Amino acid sequence: MTEPMLSRPRYPGLSADPHAKLNLIVCEGEGAGAVLDLAAKAPDGFFSRAAILFCATGASGSTYQTKLESLQPANFWVLPSIATAMFRLKGVLATATMGTRLYAAGTEPFIGSVLQEALAVGIDFKSVFTEHRGSAKRRIQCVHCKGLTEDVTASPFTCAHCGLTLFVRDHYSRRLGAFQGVCVDAEVPGEVPPVEELYP
Amino acid sequence: MSAPAEIRVRVTEAEAVTPAIKRLKLVPVTSNALPDFSGGAHTVVHYTDGPRHVRNPYSLMGSPFDSSAYQISVLRVPDSRGGSALIHDSVNEGTEITITSPINLFPIDRRARRHILIAGGIGITPFMAMTAQLDREGADFQLHYAMRCRDTGAYWKVLQGLYGHRVHTYFDDSNQTLPLTRLLDGQPLGTHLYVCGPAGMIDWVLKTARHAGWPDENVHYERFAAPPPGNTFAVELAKSKRTIEVGPRESVLEAIEAAGIEPQFLCRGGACGQCETAVVCADGTLQHNDHYLSDDEKASGKKMMICVSRFEGARLVLDL
């Protein structure tokens with residue numbers, strides 16, 4: 001696994017679109033820090049054209065909430081989970097018009113979920129500004145049973161659905177917002193390499 | 001591999017659609033069907049008549065669902081290098097010409113929720129095929145077509161007949177202007193914009209869309225630059241160890257082809273990147289006329305697109 005895979009996403013960081021009529025900013029937990037850093041370099045009036053959708057996960061959620069509010073976005077929503085945040089995002093995207101720029105900041109599974117919603121309304125992933133913050137945990141799809149396991153930080157790990165021991169690959173699916181997990185001991189059942197905490 | 005596969009075709013219809021636009025229907029000489037293509041694809045027409053010679057790209061404007069024939073439209077360009085004039089003068093019903101397999105550098109983005117097509121003048125041709133495809137697929141589309149006047153504009157009546165209110169026409173001589181800013185405002189997220197027409201129009205649409213907050217990924221355009229004329233210069237080819245002279249009205253690519261070398265190409269208009277060539281040495285100024293290389297790449301002087309770009313100076317050596 002020395003060569004980076006072409007499908008391995010990159011997250012170049014948030015930058016302000018000076019022309020967007022609506023800056024739709026979706027962030028989670030530590031991702032709020034990326035939005036605060038963006039505020040330091042964004043042009044005047046940027047947040048008056050912004051809506052922030054904040055998923056307040058993690059211990060520092062309430063601290064970030066106050067700081068994000070102080071940016072005085074035109075709209076500010078706080079949601080308790082990724083699922084509720086995505087439901088709200090779906091609703092906003094359904095009636096949004098061209099001139100909307102989407103931003104996503106947080107963990108990789110969170111960004112993946114935002115990009116899935118974007119894809120569903122015809123937004124190209126390359127036009128979404130993204131920044132990875134917080135845990136390196138991954139969402140993994142088991143290639144055998146197709147079940148998705150959330151919050152995977154180590155490889156190999158046990159599939160939450162079928163119980164196979166899965167090796168975590170860098171092969172990524174934007175459609176699923178997930179990496180691929182492949183049975184690690186198919187040749188000799190039980191012969192499993194040591195568990196490494198690769199994605200803390 | 002050098003050039004894309006070539007196909008011998010016969011002209012079965014040659015119609016003067018307007019005084020300056022000639023429509024050709026092309027059928028294969030040795031088979032019943034031509035390769036499938038999708039809306040937005042083009043072919044490169046290759047035709048020689050004595051000392052006169054043409055090798056130009058043209059959009060396929062027939063229906064992508066009819067592989068028995070292709071159709072192209074050729075605008076006679078008054079100050080052209082003679083290619084379009086040659087087709088107007090000598091290509092008629094029964095003439096056999098050579099074309100390349102279709103290549104699509106201007107495809108429909110099928111993820112779009114709505115498609116807005118903007119054409120100026122002869123830039124209508126790729127949209128003739130695209131509208132046929134979008135209509136058949138039941139897609140949400142609208143065509144906005146600007147022309148100088150009703151007499152010189154091609155196909156607008158046909159399109160109105162086929163697609164009714166989805167076709168909007170604008171005639172310069174009636175002081176009708178394409179309401180671009182209003183058009184870009186309030187479109188549903190996931191709308192894609194396509195523009196083909198004169199360079200000035202494409203620049204205007206790209207700039208207006210960007211200022212309206214449209215992501216670059218949603219704005220598609222096709223511009224084939226005709227190789228601009230210039231001064232004569234010499235090109236040294238490092239691999240073939242030959243020196244070739246490029247005349248004032250031919251491109252580097254054409255001069256090299258005339259000398260019997262077949263570099264790779266697809267669009268011959270500075271758009272696709274296929275003929276990108278490494279510059280070994282350039283003692284002088286590279287005149288980049290393409291829309292493919294980035295500004296940084298152009299400034300580096302290490303690459304050139306030999307289909308449209310030229311050189312002025314003491315010595316140019318290419319890795320060919």
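Ellipsoid semi-axes for region B:53-107, based on the Cα gyration tensor and the rule √(5λ), read 21, 14, 10 Å when sorted largest first. Seen through its C-alpha gyration tensor, with square-root eigenvalues sorted a ≥ b ≥ c, region B:225-320 comes out rounded because a/c lies under 1.5.
For chain B, the extents of the C-alpha atoms along the principal axes are 59, 48, 36 Å, listed from largest to smallest. The value of relative contact order for region B:6-104, using C-alpha pairs under 8 Å at least six residues apart, is 39 percent. When both bridge partners sit in chain B, DSSP labels roughly 65% of those beta bridges antiparallel. The angle between the Cα long axis of helix B:199-211 and the longest principal axis of the Cα atoms of chain B comes to about 60 degrees, rounded to the nearest 10. Distance from the Cα centroid of region B:169-236 to that of region B:69-129 is 17 Å (rounded to whole angstrom).
Over region A:22-132, the ratio between the Cα radius of gyration and 2.2 N^0.38 Å evaluates to 0.96. Across peptide A:123-132, the mean count of Cβ atoms from other chains lying within 10 Å of each residue's own Cβ comes to 3. Note that the protein assembly as shown carries a Kirkwood radius of 26.5 Å, evaluated over its alpha carbons pair by pair.
DSSP bridge analysis restricted to chain A gives an antiparallel fraction near 30%, rounded to the nearest 5. Is chain A best put as rounded, prolate or oblate by its Cα gyration tensor, with a ≥ b ≥ c the root eigenvalues, rounded for a/c under 1.5, and otherwise prolate when a/b is larger than b/c, oblate when not? The shape class here is prolate.
Altogether, the Stokes-Einstein calculation at 37 °C and 0.692 mPa s, with the Kirkwood radius of region B:6-104 over Cα pairs as Rh, returns a diffusion coefficient of 244 µm²/s. Pairs of Cα atoms nearer than 8 Å and 6+ residues apart set the relative contact order; for chain B it is 15 percent. Taking every DSSP bridge with both residues inside the protein assembly as shown, close to 55 percent are antiparallel. The longest stretch of chain B left intact once loop-based trypsin sites (Lys or Arg not before Pro) with at most 10 other Cβ atoms within 10 Å are removed from consideration, loops following DSSP, is B:1-238. Considering only GluC sites (Glu not before Pro) in DSSP loops that have at most 14 other Cβ atoms within 10 Å, the longest stretch of chain A without any of them is A:1-186. In a simple Cβ point-charge model (Lys, Arg +1; Asp, Glu -1; nothing else charged), chain B has a dipole of about 280 debye relative to its Cα centre.
Taken along the Cα-to-beta-carbon direction at a fixed 7 Å, the label points for A:GLU69 and B:ALA238 span 6.4 nm.
Under the rule a/c < 1.5 gives rounded, and otherwise a/b versus b/c splits prolate from oblate, where does region B:114-222 land using the Cα gyration tensor?
oblate
Using Cβ point charges alone (K and R +1, D and E -1), the dipole size of region A:22-132 about the Cα centre works out to roughly 240 debye.
Here the contact order of chain A, divided by its residue count and restricted to Cα pairs under 8 Å and six or more residues apart, works out to 21 percent. A simple count of charges around A:ALA118, restricted to other residues whose Cβ falls under 13 Å of its Cβ and scoring Lys, Arg +1 and Asp, Glu -1, yields +4.
We did not get these values from a lab; they are worked out from the coordinates using the rules stated. Keep in mind that what you see is a predicted model, and the values were worked out from it rather than measured. All Cβ positions, glycine included, derive from the backbone under ideal geometry; neighbour counts span all protein chains shown.
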